[in-house]
1. If I model the chain as equal point scatterers sitting on the Cα atoms and use the Debye formula, what is log10 I(q)/I(0) at q = 0.08, 0.12, 0.14, 0.15 Å⁻¹?
2. Whole number please: convex hull volume per residue, Cα atoms of region 1-142, in Å³.
3. Working from Cα positions, state the angle (0 to 90°, nearest 10) between the long axis of helix 125-137 and the longest principal axis of the chain.
4. Strictly over 32 Å apart at the Cα level, which of LYS11/LYS159; LYS39/LYS155; LYS31/LYS159; LYS14/LYS159 would you flag in this model?
5. Given labels modelled 7 Å from the Cα in the Cβ direction, how far is it in nm from ARG320 to ARG211?
6. Please compute, over every Cα-Cα pair in region 243-323, the percentage with a separation greater than 16 angstrom.
7. So, in nm, how far is label GLN246 from label ILE138 when the simple model puts each one 7 Å beyond its Cα toward the Cβ?
8. Using a Förster radius of 30 Å, what is the FRET efficiency between ASN104 and SER274 based on their Cβ-Cβ separation? Nearest 0.05, please.
Amino acid sequence: MRYLNVDTATKISKIGLGTWQFGSGEWGYGKSYAGQEAKAIVRRALELGVTLFDTAEVYGLGRSERILGEAISGRRDQVFLATKLFPLAPLPPVVEQRAVASANRLGVSRLDLYQVHQPNPLVRDSIIMRGMRALQRIGLVGEVGVSNYSLDRWKAAEKALGGRVLSNQVRYNLVAPRPADGLIRYAEQAGRVVIAYSPLAQGFLSGRYDRTLRPSNRVRAYSALFLPGNLDLAGELFRVLREVAQAHDATPAQTALAWAIRSPAVAAIPGASSVAQLESNVAAAEIDLTDDEWQALRDASARFQPVTGPAALPSVLRARLGR
Ligand SMILES: NC(=O)c1ccc[n+]([C@@H]2O[C@H](COP(=O)([O-])OP(=O)(O)OC[C@H]3O[C@@H](n4cnc5c(N)ncnc54)[C@H](OP(=O)(O)O)[C@@H]3O)[C@@H](O)[C@H]2O)c1
């Protein structure tokens, strides 16, 4: 495993583990996954040197935090534990109560990273960060983070906190490569961290799905990205991904992860539906892409223009109705 070069109480692994899948209806992996496989994934991740574990109070309405908390018990000191506040009415006392509730579900006395899940369009960060500052002062929160923030709002949040907002967790993958333009540059210069979520574009970049084999769980069955037309359009991106993967004796998923974590300021938090996937994802930390390979993938990514947003709505509705 490789680790980020930032001064944190516990070092942060370049490949972490995302746990939205744990106990979540949207992913629909079922009871035996939530009851057994999820814990086995966490235990194996710890054995392999993963320290960064990401959850949120909203994942499975608290179930993800509970499952993760049970799985890390006895190994707390090996973990850089990250959870998120859903910023509904995030006035300081609410922020403080919700952090305590998350810590209780996780069974810990400290959250290593407490992230604002998304920017609140109505409540300013000067208010949210007052709660965060109080949590840091009493030691319940180590580092403060944000998620889905623009660069300007990230910097404004730091100003409001009066200290570093260590990380910004954003979608960053070969289908959504945009953060490379500003957030990563800032993180590299300022000693901050970009946490790449959905680094496999929810499994899309494994290259194992096509119009004849589409994922059936809710989070992807109704996602525009997984529409048959978009899976067809991705043929060239998948071809380049496979070509680069072959040169490293790797899989397309591993290559997509290696692409995402190439900057020293980026860590990725892929989710996993099995221990085997987790093992494969962890191994991606060791792959060094050349400049040419990274750029070839970035170019293939730029040429892939999936139909999303309002234009995809009729097809998404047809998929929903099973037609
Ligand atoms: N801050 C936010 O707003 C936000 C939003 C979304 C996610 N997140 C976080 O980011 C984490 C990861 O994102 P994500 O879950 O959306 O997507 P992801 O990590 O891109 O994709 C995870 C899915 O990809 C497939 N997969 C994983 N490893 C694989 C491998 N080695 N080979 C082939 N397929 C593989 C699995 O699905 P199948 O096996 O079923 O195909 C798995 O459930 C989440 O768990 C969550 O912690 C945060």
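1. -0.35, -0.82, -1.13, -1.29
2. Once divided by residue count, the hull of region 1-142 is 109 Å³.
3. Between the helix axis and the principal axis of the chain, the angle is about 60 degrees.
4. On the way: LYS11/LYS159 25 Å; LYS39/LYS155 36 Å; LYS31/LYS159 44 Å; LYS14/LYS159 27 Å.
Beyond 32 Å: LYS39/LYS155; LYS31/LYS159.
5. 2.3 nm
6. Values: 2003 of 3240 pairs.
Result: 62 percent of Cα pairs exceed 16 Å.
7. Here the modelled spin labels are 5.9 nm apart.
8. On the way: r = 29 Å, r/R0 = 0.98.
The pair ASN104/SER274 has a calculated efficiency of 0.55.
Read-outs: derived from the displayed coordinates by stated rules, not from any lab. Predicted, not measured: the structure shown is a model, and the values here were computed from it. Counting neighbours? That spans all protein chains shown, and the Cβs are built from the backbone with ideal geometry, glycine included.
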